[in-house]
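A short write-up of the structure that comes next.
The values are calculated or read from the model by the stated rules, or taken from the named source; none is laboratory data. Being a predicted model, the structure only gives us computed values, none of them experimental. Backbone-built Cβ (ideal geometry, glycine too); neighbour counts: all protein chains shown. Surface accessibility is based on the protein's heavy atoms, side chains included, excluding ligands, DNA and RNA. Shrake-Rupley method; radii C 1.70, N 1.55, O 1.52, S 1.80 Å.
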Amino acid sequence: AQTVTQSQPEMSVQEAETVTLSCTYDTSESNYYLFWYKQPPSRQMILVIRQEAYKQQNATENRFSVNFQKAAKSFSLKISDSQLGDTAMYFCAFMLSGNTGKLIFGQGTTLQVKP
Amino acid sequence: GAGVSQSPSNKVTEKGKDVELRCDPISGHTALYWYRQRLGQGLEFLIYFQGNSAPDKSGLPSDRFSAERTGESVSTLTIQRTQQEDSAVYLCASSPQLNTEAFFGQGTRLTVV
């Protein structure tokens, strides 16, 4: 069975600074996808970034980038130039390739961006 | 509509009553998922539909929970004889095909009193 662990329940960062959220996962499979989702108070889950396990290059989306370490089963999210609108709960998620598309989520990290 | 729509947005029910939660996926999306999110927790998978069949029901917590889907359209999650531990946000997501981005609705917050 696959598991996802986020060891930081809460984090805070000053506006314009950089913050890194940690995620580790466990699987015996080699083909999978990893995601970071953002959940603001509106409850809607918003996809932030996606990484295919077969790709060695780390994914980047504007201010968001990941550090994907496949051997260590680590998938951290770096947010650069943090903005007040980044305040939200962030979830790391795992999905097996070629499977049902079911996502397995971590427990989440609440990020507070302070002015 | 443009996104996944869930109704009602909030539901308060008395213990022991049955509730129905509705999900309208994005038009054309064949895959549909239900997740449960307890307060301050991550999302737990409940059930997955491909078209109107449910190949994976492994996450349904008990036989009080059931779901159905009409064609590649609306899905209904039914909870019978609700218990206080059923209180949570129930989120629905749809995707156009496997291994692609899942688009989430805003969820239904269920409170059992």
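Numbers at a glance
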item: Within the accessible area of the protein assembly as shown (1.4 Å probe), percent carbon and sulfur; result: 44 percent
item: Number of Lys pairs (Cα under 27 Å; 8 or more positions apart or on different chains) in the protein assembly as shown; result: 22
item: Per-selection Rg to Rh, the protein assembly as shown - Cα, Kirkwood hydrodynamic radius; result: 0.97
item: For a label point 7 Å along the Cα-to-beta-carbon line of A:Arg63, residues of the stretch A:2-32 with backbone N under 11 Å; result: A:14-19
item: Beta bridges by DSSP in chain B, antiparallel share as percent, to the nearest 5; result: 90 percent
item: Residues in the stretch A:27-52 occluded by at least 30 Å² - accessible area, probe radius 1.4 Å, against chain by itself; result: A:Tyr37, A:Gln39, A:Arg43, A:Gln44, A:Met45, A:Leu47, A:Arg50
item: Rounded FRET efficiency, nearest 0.05, which uses the C-beta distance separating B:Ala2 from B:Gln41 and R0 of 22 Å; result: 0.15
item: Inverse of mean 1/r across different Cα pairs in the stretch B:35-75, Kirkwood, Å; result: 11.1 Å
item: Per residue solvent-accessible surface (Å²) - the protein assembly as shown, probe of 1.4 Å; result: 47 Å²
item: Phi to ³J(HN,Hα) by Karplus 6.51 cos²θ - 1.76 cosθ + 1.60 over the stretch B:61-70, Hz, x for Gly, Pro; result: x, 7, 6, 7, 9, 8, 8, 9, 9, 9
item: Listing of the stretch A:67-115 residues, each with accessible area lower by at least 40 Å² in the full protein assembly than in the chain alone (probe 1.4 Å); result: A:Thr100, A:Lys102, A:Leu103, A:Phe105, A:Gln107
item: Average Cα contact separation per residue, the stretch B:5-112, under 8 Å, 6 or more apart, as relative contact order %; result: 37 percent
item: Accessible area that becomes buried as B packs against A, both chains, 1.4 Å probe, Å², nearest 100; result: 1900 Å²
item: At q = 0.15, 0.20 Å⁻¹, base-10 log of I(q)/I(0) for the stretch B:35-113 (Debye sum, equal scatterers on each alpha carbon); result: -0.54, -0.96
item: Distance (nanometres) between label positions extended 7 Å along Cα→Cβ at B:Lys15 and A:Lys78; result: 5.1 nm
item: Cα-derived Rg to Rh of chain A, Kirkwood definition; result: 0.96
